[in-house]
Structures are given as structure tokens and as C-alpha cells.
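The values are calculated or read from the model by the stated rules, or taken from the named source; none is laboratory data. Predicted model, so just to flag it, every value in this text is computed and none were measured. As a convention, Cβ positions derive from the backbone with ideal geometry for all residues, glycine included, and neighbour counts pool all protein chains shown.
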Amino acid sequence: MSHIFFNTDGKLRSMWRFFLFLLLFWFLAIPIQSLLINISSNLNSFLLICLRSLSFLGLALALGWFLGKILEDQNFRALGLYFDVECLKEISLGILLGGIALSFALLTSIIFGNMQFTLNENLNASLVQSAGINLIVFLIAAASEESLFRGYMLQTLVRSNLCLAGTLITSFLFASSHNLNPNSSHLSWVNTFIAGIWLAVAYLKTKKLWLSIAMHASWNWFQSTLFGINVSGITEFSNHSVFQPISKGNELITGGDYGIEGGISCSISLLLSILLILIFPLSNKIELTKQEGTDR
């Protein structure tokens with residue numbers, strides 16, 4: 001009977017570790033969310049998002065470190081969020097890849113979906129300030145989501161050679177977490193699922209979170225701050241942008257009010273970007289986590 005719960009090394013099997021993290025995170029996140037709701041009337045939306053993201057970032061890292069330490073004898077570096085000589089290169093590459101992927105989706109929307117833009121005539125200091133605020137918010141939010149979905153939950157399955165299962169399961173959870181966003185649809189869920197795979201592949205190539213965080217934040221920032229497109233249905237970030245959409249065109253392709261993530265152009269761009277990352281010669285040659293072998 002014990003083999004159901006423990007592998008041949010006497011460690012709790014990875015799926016049970018995965019569900020334990022998920023259960024504990026959900027249990028501990030409820031009071032945090034309740035507290036934020038109680039004080040939300042005194043905060044603007046940007047500050048509220050930052051506080052929630054920072055809270056969940058801290059919780060995901062603390063819980064991931066704790067379970068990794070007691071269940072797998074892993075150190076904090078195993079979570080993939082530490083500074084070294086490679087992190088700046090990975091962040092720069094992530095910004096580039098996120099911007100290219102978003103731009104390709106946008107170009108597809110313009111050519112095939114008849115999406116149209118105009119230059120914002122009020123390019124002033126307030127727009128620069130808004131761009132800076134958006135960047136900070138997106139970086140914090142991306143770090144939070146990546147630490148949760150590409151952090152311990154994915155990593156503990158990867159250490160058991162369950163990369164595919166880990167990628168698919170965490171991408172399913174990532175997509176489902178966006179279900180309540182304004183104007184979400186079946187296609188937006190599928191695209192967010194693909195985005196989860198895109199970001200998981202970035203982690204698997206480096207065994208660190210910097211690349212996926214930068215890709216995630218870059219995509220959102222370029223989409224909203226440069227092109228004035230809603231981010232997963234959220235409108236607050238697209239009010240002050242360099243370009244402004246004057247026609248959403250064919251919404252099946254462009255995503256309509258949900259943003260690029262709600263259209264076919266996003267599907268195409270993310271799938272191509274996944275292939276690009278897979279063939280890109282970028283990998284972490286230093287083994288920072290202790291592998292336990294398969295425990296299927």
C-alpha cells in the first residue's frame with residue numbers, strides 16, 4: 001500500500017507533492033485574498049494588483065522552498081529564481097522573445113483580421129509615467145504567476161521525469177485561472193493553455209524562471225502600453241498607449257475585447273514561438289536540483 005504514496009527512495013511521490021503544494025497554497029491564499037478584498041476600497045487597481053501579486057509571489061516561493069526542503073532535500077536555488085551571470089542574458093532574451101511573439105500576433109491580426117491602429121496624439125509625460133507603472137506591475141505579476149505555475153508544481157514533476165505531464169497539468173491550471181476574466185471565451189482558454197506550454201518550455205530550457213518571467217511581462221507590456229490592447233480582458237493597462245486601436249476587425253482572429261489572447265493570431269504566434277524556443281541553443285548546463293528518477 002505504501003508504494004502508492006512513496007517511491008523506492010522512500011520519498012513522497014511527485015504527484016502527491018504536487019497536490020500537497022496546490023492544496024496548501026489554496027488554503028493559505030484564501031485569507032490573503034479576503035484581506036485584500038477588505039482593503040480594496042482604499043486602493044487603486046494598480047496597487048491592489050501589485051499587493052496581491054507580491055503576496056502570492058511570497059507565498060509560492062516560501063511554500064515551494066519549504067516543501068522542497070522537507071520532502072526532497074532541495075535548496076532555494078532549485079526554485080529557479082536566483083541571480084547569476086546568466087540571468088541578465090535570459091531576461092534580455094525573454095523581453096525580445098515576448099516582444100517578437102506579440103508583434104507577430106499583432107501583424108497577423110492586421111493583415112488577416114483587418115485590425116487597425118492610429119498613433120496617439122497625446123504623447124506626453126503622463127504616457128511615459130503610465131508605461132513605467134505598467135512595466136513594474138507586469139514584472140511583479142509575471143514573477144508571481146511564474147513562481148506559482150512554473151515554480152514548485154512544475155519543478156517537482158520535472159524532477160521525477162514527468163516533464164510532459166507537468167507541463168500539461170500546470171498549463172491547464174494556468175488557463176483555468178483566467179476563466180473569470182472579462183470577455184473570456186473557449187478560444188481564450190485554449191490560447192492561455194498554449195501560453196502555459198510556451199512559458200513552461202522556457203523554464204525547461206533554462207531550469208530557471210527569468211526567461212519565462214521576462215517573456216510573460218514583455219508580451220503584456222507591449223500589448224497594452226505600446227498598442228493599447230486589453231490584457232486578458234483587463235482594460236486598466238491599455239488606457240494610455242503609444243498606438244490606439246480604432247478597429248478590432250475580425251474578432252475571431254484579433255481577439256476582440258479580450259485582447260490578442262482571445263484570437264487565432266495568438267494561437268499561431270505562440271505555437272511558432274514554442275518551436276523557436278525548442279530549437280534555440282539555450283540551456284542550463286549546471287545541475288542545480290537533485291533528480292530522483294521516474295516515479296510513474
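Test ILE136 against the stated conditions and say whether it is assigned to a helix (DSSP H, G or I), free of Cβ contacts under 8 Å to residues at least 12 places away in the same chain and over 25 Å from LEU278 (Cβ atoms).
Judged against the criteria, ILE136 is not a match.
Considering only segment 222-274, how many residues are assigned to a helix (DSSP H, G or I), of a type in the set (Gly, Ala, Ser) and more than 18 Å from the chain's Cα centre (by Cα)?
Number satisfying all stated conditions: 3.
Among the candidates ALA214, ALA175, ALA131, single out the residue that is in contact with a Gly (Cβ under 7 Å, 6 or more places away or on another chain), more than 26 Å from LEU20 (Cβ to Cβ) and either in a helix (DSSP H, G or I) or at pLDDT below 95 (or both).
ALA214
Can you tell me how many residues in segment 91-127 are loosely packed, with under 14 Cβ neighbours inside 10 Å, assigned to a helix (DSSP H, G or I) and either in contact with a Lys or Arg (Cβ under 6 Å, 6 or more places away or on another chain) or at pLDDT below 95 (or both)?
2
What's the number of the condition ILE100 fails, among (1) farther than 20 Å from ILE194 by Cβ; (2) among the β-branched types (Val, Ile, Thr); (3) touching a residue at least 40 places away in the same chain (Cβ under 8 Å)?
Evaluating ILE100 over (1) farther than 20 Å from ILE194 by Cβ; (2) among the β-branched types (Val, Ile, Thr); (3) touching a residue at least 40 places away in the same chain (Cβ under 8 Å) leaves (1) as the failure.
When you scan segment 152-179, how many residues do you find that are on the phi > 0 side of the Ramachandran plot and crowded, with 19+ Cβ neighbours inside 10 Å?
Qualifying residue count, segment 152-179: 0.
Could you say whether any residue in segment 74-82 is of a type in the set (A, V, I, L, M), at pLDDT 95 or above, more than 18 Å from the chain's Cα centre (by Cα) and assigned to a helix (DSSP H, G or I)?
Yes.
I need every pair where a residue in segment 185-199 that is outside any helix (DSSP H, G or I) has its Cβ under 8 Å from the Cβ of a residue that is of a type outside the set (D, E, K, R), sequence separation at least 6 or different chains.
Close Cβ pairs (under 8 Å, with a partner that is of a type outside the set (D, E, K, R)) amount to SER185/TYR258; SER185/GLY262.
Please state which one of LEU48, LEU88 is closer than 30 Å to THR235 by Cβ, out of contact with any Lys or Arg (no Cβ under 8 Å at 6 or more places or on another chain) and not aromatic (Phe, Trp, Tyr).
LEU48
Could you tell me how many of the residues in segment 49-76 are closer than 21 Å to LEU199 by Cα and loosely packed, with under 14 Cβ neighbours inside 10 Å?
So the count comes out to 1.
Hey, among the residues in segment 192-213 that are in contact with a Leu (Cβ under 8 Å, 6 or more places away or on another chain) and among the hydroxyl-bearing types (Ser, Thr, Tyr), which one's surrounded by the most Cβ atoms within 10 Å (Cβ to Cβ)?
Checking each candidate, the answer is SER212.
Residues checked against (1) over 20 Å from PHE172 (Cβ atoms); (2) within 23 Å of the chain's Cα centre (by Cα):
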| residue | (1), (2) |
| --- | --- |
| HIS3 | yes, no |
| PHE6 | yes, no |
| GLY10 | yes, no |
| MET15 | no, yes |
| PHE25 | no, yes |
| ALA29 | no, yes |
| GLN33 | yes, yes |
| LEU36 | yes, yes |
| SER40 | yes, no |
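How many residues are in a helix (DSSP H, G or I), without any contact (Cβ under 8 Å) to a residue 12 or more places away in the chain and more than 18 Å from LEU22 (Cβ to Cβ) when one looks only at segment 36-68?
So the count comes out to 7.
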